[in-house]
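Working notes, beginning with the structure itself.
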Amino acid sequence: HLDVDVLDEAAMPATDYLMPGGLEWEELAELLPPLCASPAAAGLSIGCLNPEKDPGGELTQRTSDLVVAALTAP
């Protein structure tokens, strides 16, 4: 389960639970591929992303792109 509120509030304002001092996008991008590649991983869900706080959809798209990259990493 990926709660996007793990990201720093400046990096991910499209959540209801803003997290000062959270991860940056690059840090999350490093963490996700090995977690997704684990044989113990059976699925993935995304939580705490609030599309009402992302009217242009940029953060939703960035989250989607990050997950796709992690799932397709060699």
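Observations
- Positions within the range 44-56 being open to solvent by less than 60 Å² (accessible area, probe 1.4 Å) and more than 20 Å from Pro13 (Cβ to Cβ), in sequence order: Ser45
- Residue count for the range 29-43, restricted to those that are touching a residue at least 24 places away in the same chain (Cβ under 8 Å) and either open to solvent by 90 Å² or more (accessible area, probe 1.4 Å) or more than 21 Å from Thr72 (Cα to Cα) (or both): 1
- Only one of the listed residues (Ala70, Ala14) is touching a Lys or Arg at 6+ places or on another chain (Cβ under 9 Å), on the phi < 0 side of the Ramachandran plot, surrounded by 17 or more Cβ atoms within 10 Å (Cβ to Cβ) and not in a strand (DSSP E or B). That residue is Ala14.
- Ala42 meets the stated requirement of being at pLDDT below 95, closer than 23 Å to Leu71 by Cα and part of a loop (DSSP other than H, G, I, E, B).
- Each residue in the range 17-28 was checked for being within 20 Å of Pro74 (Cβ to Cβ) and open to solvent by less than 40 Å² (accessible area, probe 1.4 Å), and 1 of them qualify.
- Yes/no for Glu24 being within 11 Å of the chain's Cα centre (by Cα) and of a type in the set (Asp, Glu): yes
- Among residues of the range 1-13 that are farther than 19 Å from Cys36 by Cβ, those with a Cβ under 7 angstrom from a residue that is surrounded by 14 or more Cβ atoms within 10 Å (Cβ to Cβ) and among the small types (Gly, Ala, Ser), sequence gap 6+ or separate chain, pair up as Asp8/Gly22; Glu9/Gly22.
- Any hit, the range 52-62, residues being part of a helix (DSSP H, G or I), of a type in the set (Ser, Thr, Tyr) and free of Cβ contacts under 8 Å to residues at least 60 places away in the same chain: yes
- Of the residues in the range 51-73, none is in contact with a strand residue (DSSP E or B) (Cβ under 6 Å, 6 or more places away or on another chain) and not basic (Lys, Arg).
The values are calculated or read from the model by the stated rules, or taken from the named source; none is laboratory data. As the structure is a prediction and not an experimental result, all values here were calculated from the model. Note: ideal-geometry Cβ built from the backbone for every residue, glycine included; neighbour counts use all protein chains shown. In case anyone asks, the SASA skips ligands and DNA or RNA and just uses the protein heavy atoms, side chains included. Shrake-Rupley method; radii C 1.70, N 1.55, O 1.52, S 1.80 Å.
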